[in-house]
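Heads up: the structure comes next, in structure tokens.
The values are calculated or read from the model by the stated rules, or taken from the named source; none is laboratory data. Fair warning: this is a prediction, and the values are worked out from it, not measured in the lab. Backbone-built Cβ (ideal geometry, glycine too); neighbour counts: all protein chains shown. Side chains are part of the model used for accessible areas, which takes the heavy atoms of the whole protein and leaves out ligands, DNA and RNA. Shrake-Rupley method; radii C 1.70, N 1.55, O 1.52, S 1.80 Å.
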Amino acid sequence: MRVIAVASAKGGVGKTTISANLAAAIAQTGRPVLAIDLDPQNAMQWHFGGVQADAVRGLSALTDGRISFARLIQKNSTGIHFIPFGITGELKRQKFENLLLQDQTWLRSRLESALQNPDTVVILDTPPGPSAYLHQAIYAADFVLAVVLADAASYVTLPEIEELIQAYGGSSGRYDSAYVVNQAGGRQLSQDVVKMYASQLGDRLIPVYVPESSAVEESLAFEQTAITYAPENPAAIAILQIRDWLLTKF
């Protein structure tokens with residue numbers, strides 16, 4: 001089992017889109033993949049076919065001891081295995097967060113118990129910024145993928161996400177990390193920011209940038225990943241290349 005936590009210091013960078021499309025891209029290789037939505041917004045499901053019949057009972061339902069982790073795994077029409085966060089109220093969400101705060105090994109131990117195939121790749125989508133969910137994801141991860149935009153607002157968050165990765169990784173000793181630039185444009189400012197990332201991050205910046213593409217938004221409107229909806233579009237091709245780059249780490 002290999003676990004990739006997808007993180008960001010700020011919202012609006014396309015982290016969930018990257019997570020869902022990366023899961024779809026890995027599934028195309030024939031390796032088993034499980035995408036898990038650790039974000040209370042419960043938005044990843046919209047990339048995998050919308051609300052499923054069992055969407056109410058997602059990851060947050062595990063505060064109920066009668067439900068097992070393995071029973072929450074759904075499978076969409078393209079063969080992607082997926083656990084939504086689940087539809088939950090404020091009190092239930094707080095109860096789930098308290099559970100996560102009590103044991104930083106909670107997620108990793110359940111993954112190890114439920115997933116027996118050593119070739120499985122797990123993609124964890126997380127909320128932006130510090131949270132109990134991000135703590136669980138980074139502690140469980142073998143690899144942390146930080147998503148940034150090619151703009152100044154994302155660039156200034158680098159110290160924050162670096163601090164989170166170090167603090168939440170703790171003494172687990174498992175994880176490595178890298179950055180991916182999403183929605184890279186052709187404007188000079190965008191190109192300059194990418195150069196600044198490269199200068200600061202070195203080989204921790206994945207040398208493939210995901211370009212802006214209308215096909216990504218269109219695919220979401222049809223409740224699909226861009227990998228499935230428009231596999232020849234530049235963003236989908238870039239994600240396939242990022243997939244190949246990541247799999248060399250495993």
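Using a 1.4 Å probe over the heavy atoms of the protein chains, calculate the carbon and sulfur portion of the accessible area of region 135-214 as a whole percent.
Reported share for carbon and sulfur atoms: 51 percent.
With +1 on each Lys and Arg Cβ and -1 on each Asp and Glu Cβ, and nothing else charged, work out how big the dipole of the chain is about its Cα centre, in Debye to the nearest 20.
Dipole magnitude for the chain comes out near 540 debye.
Below 8 Å, C-alpha to C-alpha, sequence gap of six or more: please give me the relative contact order for the chain in percent. Don't jump to the answer; show the numbers that get you there.
Working: 453 pairs, mean separation 67.7, N = 250.
Relative contact order comes out at 27 percent.
Please label the shape of region 1-137 as rounded, prolate or oblate, based on the square roots a ≥ b ≥ c of the eigenvalues of the alpha-carbon gyration tensor (a/c under 1.5 means rounded; beyond that, a/b larger than b/c means prolate, else oblate).
Rounded, because the longest to shortest axis ratio a/c is under 1.5.
Hey, can you rank 16-28, 182-194 by average C-beta count inside 10 Å, highest first?
Order by mean packing, descending: 16-28, 182-194.
Using the Cα centre of the chain as origin and beta-carbon charges of +1 (Lys, Arg) and -1 (Asp, Glu), tell me which of 100, 178, 238 is placed farthest towards the positive end of the dipole.
Projecting each Cα onto the dipole axis, the largest value belongs to 100.
Quick check: from the Cα gyration tensor, does region 140-242 come out rounded (a/c under 1.5), prolate or oblate?
In terms of gyration-tensor shape, oblate.
Between 165, 22, 124, whose Cα lies farthest towards the positive end of the dipole of the chain when Lys and Arg beta carbons carry +1 and Asp and Glu beta carbons carry -1, centred on the Cα centre?
124
Calculate, for residue 195 and residue 94, the FRET efficiency according to 1/(1 + (r/R0)^6) with r their C-beta to C-beta distance and R0 45 Å; round to the nearest 0.05.
0.55
Excluding ligands, DNA and RNA, what is the solvent-accessible area per residue of the chain at a probe of 1.4 Å, expressed in Å²?
Working: 10730 Å² over 250 residues.
So the chain comes to 43 Å² accessible per residue, rounded to a whole number.
As a check on your grasp of the helix formula, calculate [θ] at 222 nm for the chain: sum -39500 (n - 2.57) over DSSP H runs of n ≥ 4, divide by the residue count, round to the nearest 500.
That calculation yields -11500 deg cm²/dmol at 222 nm.
Relative to the longest principal axis of the C-alpha atoms of the chain, give the angle of the C-alpha long axis of helix 15-27, reported between 0 and 90° and rounded to the nearest 10°.
80 degrees
Between residue 160 and residue 203, with labels modelled 7 Å along Cα→Cβ, what's the label distance in nm to one decimal, could you check?
Calculated label separation equals 3.0 nm.
Name the residue farthest towards the positive end of the dipole of the chain from the options 220, 70, 5, assuming +1 on Cβ of Lys and Arg, -1 on Cβ of Asp and Glu, about the Cα centre.
70
Tell me, what HN-Hα J-couplings in whole Hz come from the Karplus equation 6.51 cos²θ - 1.76 cosθ + 1.60 at θ = phi - 60° for each residue of region 89-94, using x for Gly and Pro?
Ordered by residue, 3J(HN,Hα) equals x, 5, 5, 5, 5, 5 Hz.
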